[in-house]
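Have a look at the structure below before the remarks.
The values are calculated or read from the model by the stated rules, or taken from the named source; none is laboratory data. Everything numeric here is computed off the predicted structure, so don't read it as measured data. All Cβ positions, glycine included, derive from the backbone under ideal geometry; neighbour counts span all protein chains shown. Just the protein is used for accessible areas: all its heavy atoms, side chains included, with ligands, DNA and RNA removed. Shrake-Rupley method; radii C 1.70, N 1.55, O 1.52, S 1.80 Å.
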Amino acid sequence: MTQVLIVGAGPTGLVLGIELLRRGVEIRLVEKGSAAFEGSRGKGVQPRTLEIFDLIGVAEDMVASSRLYPRFKLHAGPLGLPLFSIGSRHQATVDRPFPNMLMIPQWRTNEILLTRFTELGGRVEYDSALVGIAQSPEGVTAELATGETIKADYIVGCDGGRSTLRSLLGVEMFGTSLDSKTMVVADLEIEDLDREFWHVWPLNRTGPALLCPLPVSNLFQLASSSRIAEAGLEAGVRRTTGQRVTRVAWQSEYRHQTRMVDRYRVGRAFLSGDAAHIHPPSGAQGLNTSVQDAWNLGWKLAASIRTGDDGLLDTYQKERLPIAAAMLKLTGALHVNASLKRGDLTNHLSLGYPDSPLNVGEADDGLAPGDRIADRLLPDGSRLFDHLRHTGATQLVRRNSPHILIRPDAYVAEIGRREVASYFGEAVRKVEID
Ligand SMILES: Cc1cc2nc3c(=O)[nH]c(=O)nc-3n(C[C@H](O)[C@H](O)[C@H](O)COP(=O)(O)OP(=O)(O)OC[C@H]3O[C@@H](n4cnc5c(N)ncnc54)[C@H](O)[C@@H]3O)c2cc1C
């Protein structure tokens, strides 16, 4: 018997695993694949996700593996025209230590998360696909393709867009395909192409082809209609871009769609990440929204297991489903109009839980219950985030103003004057901030 069975070792499953292991929860993490994911797929990591990575101790490695988004360069025949970048170039400030979306190949994000997960004692069980599930009020029994059955208090499907757990639970995806094309995404070595720009060839018989230089490798990420590969990928790239491919490191296909479920929970089973919502790549939201699902669910699962307060788990859907819906609307719009301005919605810094049932108290001094808490410098010279790395809640004590209670996931829980000794069964840490 384990406490939580996590299905899928993508970014969602790994962040959930880290959050549960940090809190001493017994977990198993099963993965259908035979080895770690190898593709660059979700390469845009947003500022709020980087703050979360900071709080779980992996931001430094992420930043070291990243680059800023380059400018596009439009190619038409022999001409190359440098254009804008979809990324920003803001300076870091105290309240925005990670001001820009960074580009990190998804295999590297997974690798860094896996290292942290392993340091905490976690182990990914590869070649272990979930194939069946039964649940009762007491727990779940999961069946693996290996024939093994696993009993757990809870199961979380972090098993991606084609989620097996979602199908087994009979939960439907609602939404649309944004167009009928199948797209190809591939990591390619290209002979002598400059790595300063994100190269775009807009005018081809098979549609636009883009080659984006990736950090921590000599690879470019190709995005194009899959028709480019009709007579072989290398030949198609040569024909549409004039560039010579010297190695195909990874390739996959996908469709542009916006789809999501209407339920994140069925009894003791939860859906998280792409298993619950699928975004088109424009706007770089899928991985970011997914990681933040896991960040929201992790502390709640640990608290529920500790206290027996199962009702807390219902706030996961209440808080995360509206965010997925809003992000899908946004990515759908960005897909149609790629030049739309990105800002505090796409970077997730302005997202919070204003309607959460966990909110207590009134807004004060520009901060309201449900808001993301921004980093700040404290009178003793420390950073607020340094005080939020523990696993419980934190009360910011102010002499002449109401105290601010920060949830374990760094959103404001309560603004008020009362002393709070514990939050969902875990001692509250106090920090004087004036
Ligand atoms: C071309 C492209 C570009 C993108 N760009 C961005 C971007 O810039 N920024 C961004 O935020 N997002 C982007 N995304 C989306 C991002 O890749 C996904 O949102 C992200 O991978 C979701 O993570 P996940 O952990 O939920 O699912 P996944 O990464 O899909 O992981 C799911 C895991 O579950 C495993 N699994 C599946 N079924 C089973 C089973 N039955 N049993 C056990 N294990 C199972 C799979 O093998 C896999 O390892 C992009 C996607 C594409 C296709």
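Here's the yes/no breakdown for (1) open to solvent by less than 30 Å² (accessible area, probe 1.4 Å); (2) farther than 30 Å from L29 by Cβ; (3) in contact with a helix residue (DSSP H, G or I) (Cβ under 7 Å, 6 or more places away or on another chain):
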residue: L168; (1), (2), (3): no, no, no
residue: S180; (1), (2), (3): no, yes, no
residue: E189; (1), (2), (3): no, yes, no
residue: E196; (1), (2), (3): no, yes, no
residue: V216; (1), (2), (3): no, no, yes
residue: A231; (1), (2), (3): no, yes, no
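Quick one: would you say G17 is within 15 Å of the ligand (Cβ to nearest atom), surrounded by 19 or more Cβ atoms within 10 Å (Cβ to Cβ), part of a loop (DSSP other than H, G, I, E, B) and not aliphatic (A, V, I, L, M)? Spelling it out, it is not the case that G17 is within 15 Å of the ligand (Cβ to nearest atom), surrounded by 19 or more Cβ atoms within 10 Å (Cβ to Cβ), part of a loop (DSSP other than H, G, I, E, B) and not aliphatic (A, V, I, L, M).
Going through V7, V30 one at a time, which residue ends up being touching a helix residue (DSSP H, G or I) at 6+ places or on another chain (Cβ under 8 Å) and either more than 12 Å from the ligand (Cβ to nearest atom) or closer than 26 Å to L168 by Cα (or both)? Spell out the reasoning first.
Numbers: V30 fails: touching a helix residue (DSSP H, G or I) at 6+ places or on another chain (Cβ under 8 Å).
Testing whether each residue is touching a helix residue (DSSP H, G or I) at 6+ places or on another chain (Cβ under 8 Å) and either more than 12 Å from the ligand (Cβ to nearest atom) or closer than 26 Å to L168 by Cα (or both) leaves just V7.
Could you please find all residues in region 257-277 being outside any loop (DSSP other than H, G, I, E, B), near the ligand (Cβ under 9 Å from one of its atoms) and of a type outside the set (A, V, I, L, M)? Working first, answer last.
If we filter region 257-277 for residues that are outside any loop (DSSP other than H, G, I, E, B), which is where we start, we get 257-261, 265-266, 269-271, 273-275, 277.
Next, from what is left, pick out any that are near the ligand (Cβ under 9 Å from one of its atoms): 273-275, 277.
Passing the criteria: G273, D274, H277.
When the residues of region 166-191 are filtered to those that are at pLDDT 95 or above and farther than 30 Å from I6 by Cα, the one that is farthest from the chain's Cα centre (by Cα) is E191. Looking at (1) open to solvent by less than 50 Å² (accessible area, probe 1.4 Å); (2) away from the ligand (no atom under 13 Å from the Cβ), can you tell me which one A142 breaks? Unmet for A142, out of (1) open to solvent by less than 50 Å² (accessible area, probe 1.4 Å); (2) away from the ligand (no atom under 13 Å from the Cβ): (2). The sole residue among T176, T149, T164 that is over 22 Å from S304 (Cα atoms) and near the ligand (Cβ under 9 Å from one of its atoms) is T164.
Of all residues assigned to region 218-235, none qualifies as being touching a residue at least 60 places away in the same chain (Cβ under 8 Å), within 27 Å of T164 (Cβ to Cβ), within 16 Å of the ligand (Cβ to nearest atom) and not hydroxyl-bearing (S, T, Y).
Please find, among D409, D355, the residue that is at pLDDT 95 or above, surrounded by 20 or more Cβ atoms within 10 Å (Cβ to Cβ) and not hydrophobic (A, V, I, L, M, F, W, C). Can you show your working first?
Values: D355 fails: surrounded by 20 or more Cβ atoms within 10 Å (Cβ to Cβ).
Answer to the selection: D409.
Every test in (1) under 30 Å from A152 (Cα atoms); (2) touching a residue at least 40 places away in the same chain (Cβ under 8 Å); (3) surrounded by fewer than 24 Cβ atoms within 10 Å (Cβ to Cβ); (4) more than 15 Å from the ligand (Cβ to nearest atom) is passed by G311 save one, and that test is (2). Which of the residues that make up region 146-165 are over 16 Å from G10 (Cα atoms) and either touching a residue at least 60 places away in the same chain (Cβ under 8 Å) or hydroxyl-bearing (S, T, Y) (or both)? Residues satisfying the conditions are T146, T149, I150, K151, A152, D153, Y154. L68 meets the conditions (1) open to solvent by 20 Å² or more (accessible area, probe 1.4 Å); (2) in contact with a Lys or Arg (Cβ under 8 Å, 6 or more places away or on another chain); (3) touching a residue at least 60 places away in the same chain (Cβ under 8 Å) in every case but one. The failed one is (3).
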